[in-house]
Amino acid sequence: MSALHTKWNRLTSKLNPVYLKFTAAGIGVALCLVAISVTAEPKPADPPAAVMSAYQQDEHPEFPAGPGRDVTLRVCSRCHSPNNILSRPQNREGWEATIAKMVDMGATASDEDFAAILDYVSKNFPAPGTGGAAATAHVNANKATAADLAKALSLTDKEAAAIVDYRTKNGDFKTIDDLKKVPDVDAKKIDDKKDIIDF
Ligand code: HEC
């Protein structure tokens, strides 16, 4: 055997245990992973939607069910009782200001969440004397009768009739802008009520 060969042999025999150790460790880790994945607890199935709601209706009965309820209770009960909301019925502009104030105070949520909160509180906790539920009842621009439109949107009978007339001739409205195009209807009245108009 040449001297070089011997040296090589010695080197590899020195390396081998190290290499083996790594291999063994690798296999060990792999086995562990297999073991974990086999023995891991099965993930519990997602709870049904009704249970997923963090805030049950009976927990805060003063807050009517509806879109935005959950996010309102979640975001707005972090610093104080959500009942603060009940103490301040106000119009949409008022709610916008209140929410802006809460943001200044450190309330955090995504823009969509704040928009949903604003919709929810404006709809359910409007200024007193504005008729509450009646004033916030939605009206479908394509299905409502002239009388319903007049009542819900504070239109004159003539304006309401013009809307029904227009929709009979031109087909369903799709947007607020369509509705504002109706001749002889005060577009500002439509704008004022755009949050309660469905299509
Ligand atoms: C980061 C903490 C925090 C969060 C989150 C928060 N608030 Fe407040 N809120 C306060 C504080 C502090 C006050 C008392 C302010 C005062 O007395 O001027 C308050 C007071 C109020 C009041 C009483 C009237 C007023 O204007 O002061 C209302 C209504 C209110 N909050 C609504 C909300 C709503 C709606 C949300 C969810 C968007 C919310 N709060 C989330 C901190 C918070």
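Tabulated data for the structure shown
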read-out: Considering residues of region 174-199 that are among the basic types (Lys, Arg) and either over 14 Å from HIS138 (Cα atoms) or free of Cβ contacts under 8 Å to residues at least 24 places away in the same chain (or both) only, the residue surrounded by the fewest Cβ atoms within 10 Å (Cβ to Cβ); value: LYS188
read-out: Residue tally, condition over 20 Å from ASP119 (Cβ atoms), assigned to a loop (DSSP other than H, G, I, E, B) and either modelled with pLDDT of 70 or more or within 15 Å of the ligand (Cβ to nearest atom) (or both), over region 44-72; value: 2
read-out: Residue match in region 144-153 (condition: assigned by TED's automatic domain parsing to the domain that holds LEU73, closer than 30 Å to PRO61 by Cα and in a helix (DSSP H, G or I)); value: no
read-out: Every pair of residues 6+ apart whose Cβ atoms lie under 8 Å, when the first sits in region 93-108 and is under 18 Å from VAL71 (Cα atoms) while the second is more than 8 Å from the ligand (Cβ to nearest atom) and in a loop (DSSP other than H, G, I, E, B); value: TRP95/PHE125; THR98/GLN90
read-out: Some residue of region 154-173 being surrounded by fewer than 12 Cβ atoms within 10 Å (Cβ to Cβ) and within 16 Å of the ligand (Cβ to nearest atom); value: no
read-out: Whichever residue in region 133-143 is among the aliphatic types (A, V, I, L, M) and surrounded by 14 or more Cβ atoms within 10 Å (Cβ to Cβ) and, among such residues, is farthest from PHE63 (Cα to Cα); value: ALA141
read-out: Residue within region 86-97 that is modelled with pLDDT under 95, away from the ligand (no atom under 16 Å from the Cβ), on the phi < 0 side of the Ramachandran plot and not small (Gly, Ala, Ser) present; value: no
read-out: Qualifying residue in region 17-39 (condition: modelled with pLDDT under 95 and assigned to a loop (DSSP other than H, G, I, E, B)); value: no
read-out: Residue check for ALA127: among the small types (Gly, Ala, Ser), modelled with pLDDT under 95, surrounded by 14 or more Cβ atoms within 10 Å (Cβ to Cβ) and within 16 Å of the ligand (Cβ to nearest atom); value: yes
read-out: Qualifying positions in region 98-110 - over 24 Å from LYS194 (Cβ atoms) and either near the ligand (Cβ under 7 Å from one of its atoms) or not in a helix (DSSP H, G or I) (or both); value: LYS101, MET102, MET105, GLY106, ALA107, THR108
read-out: Test result for ASP148, more than 20 Å from the chain's Cα centre (by Cα) and either more than 8 Å from the ligand (Cβ to nearest atom) or closer than 23 Å to ASP198 by Cα (or both); value: yes
read-out: Lone qualifier among VAL75, VAL121 - being part of a helix (DSSP H, G or I), free of Cβ contacts under 8 Å to residues at least 60 places away in the same chain and under 16 Å from ILE196 (Cα atoms); value: VAL121
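The values are calculated or read from the model by the stated rules, or taken from the named source; none is laboratory data. Treat the numbers as computed from the prediction; the structure is a model and nothing was measured. Note: ideal-geometry Cβ built from the backbone for every residue, glycine included; neighbour counts use all protein chains shown.
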